[in-house]
1. Each residue of the stretch 15-25 in turn: what ³J(HN,Hα) in whole Hz from Karplus with 6.51, -1.76, 1.60 and θ = phi - 60°, glycine and Pro shown as x?
2. Quick one: work out Rg over Rh on the C-alpha atoms of the stretch 84-171, Rh as Kirkwood radius.
3. How about LYS127: which aspartates and glutamates have a C-alpha closer than 18 Å to its C-alpha, ignoring those fewer than 8 places off in the same chain?
4. Amide H to amide H, which residues 5 or more places from ARG88 or on other chains are under 5 Å from it, using H placed in the peptide plane?
5. To two decimal places, what compactness ratio does the chain give when its Cα radius of gyration is scaled by 2.2 N^0.38 Å?
6. Just in the stretch 58-139: which trypsin sites (Lys or Arg not before Pro) are loop by DSSP and have at most 13 other Cβ atoms within 10 Å?
7. Show the residues, 5+ positions off or on another chain, whose built amide H is closer than 5 Å to the amide H of SER59.
8. Using Cβ contacts closer than 10 Å as the measure, can you line up LEU80, LEU136, LEU163 from fewest to most?
Amino acid sequence: MQISEVSAPRPVSASAIEGHVYKVFPSDLNAHYSVFGGLIMSTCDRLALVVAERHSGHSCVTASVDSFHFLAPAKDGDTLIFKAAVNRTFRSSMEIGVKVMAENSYTGEARHIVSAYLTFVALDGAKKPVPVVDVLPETALQKRRYDEAEIRRNSRLETREKLNARRGSDA
Ligand SMILES: CC(C)(COP(=O)(O)OP(=O)(O)OC[C@H]1O[C@@H](n2cnc3c(N)ncnc32)[C@H](O)[C@@H]1OP(=O)(O)O)[C@@H](O)C(=O)NCCC(=O)NCCS
């Protein structure tokens, strides 16, 4: 049976990426000699896409990025470790959370450098949004992320409504 035909909620772990590693070289740095943020953003988008497609069993597109926090810089020689997982599913959309650590692989010291939340929409063969199977948060951390994803979605929808109302009254 294909994933897209499964109706029981799928555990977060079934589609998660636990430790995608990327070794930083000098060509990855910006003018401040820290890792170029666009490189990290691109990798997060790519990995989150894989999680969304694994979870839904459909081709998916990035619809929006609700937030992307650069918490600390990464340096030449660091090993970046990416983790990505479904935080919550809605109807056809899914929030995927990505966490990036920068590890000094000689000492084992690791810093949390990025948290990002991206929304993907699953598409059918006609490229129309299609419902996705629910996600099943199992651990306390997964349940917290599940709850927080709804806050981010509500906040995005509320902002969109406010902006639409404002633009409508300006017109
Ligand atoms: C994302 C996209 C498929 C939504 O299509 P649409 O016709 O607006 O779809 P709908 O209004 O029916 O909404 C479908 C879902 O998308 C979500 N969505 C639409 N726009 C969104 C946005 N800007 N941010 C987050 N979610 C969004 C809706 O909330 C809805 O979710 P739900 O089914 O879980 O409730 C469409 O806007 C699109 O193709 N955008 C371009 C995507 C792209 O090229 N990405 C970059 C490369 S992958």
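1. 10, 6, 9, 8, x, 7, 9, 9, 7, 7, 10
2. 1.12
3. LYS127 reaches GLU5, GLU53.
4. GLU95
5. Here the Cα radius of gyration is 1.14 times the empirical estimate.
6. Within the stretch 58-139, the qualifying trypsin sites (Lys or Arg not before Pro) (loop, at most 13 other Cβ atoms within 10 Å) are ARG91, LYS127.
7. HN-HN under 5 Å from SER59: LEU123.
8. Starting with the residue having the fewest Cβ neighbours, the order is LEU163, LEU136, LEU80.
Read-outs throughout are calculated quantities, based only on the coordinates presented, and are distinct from any laboratory measurement. For clarity, every value in this text was computed on a predicted model and none was experimentally measured. When we count neighbours, we look across all protein chains shown, and the Cβ atoms used for this are built from the backbone with ideal geometry, even at glycine.
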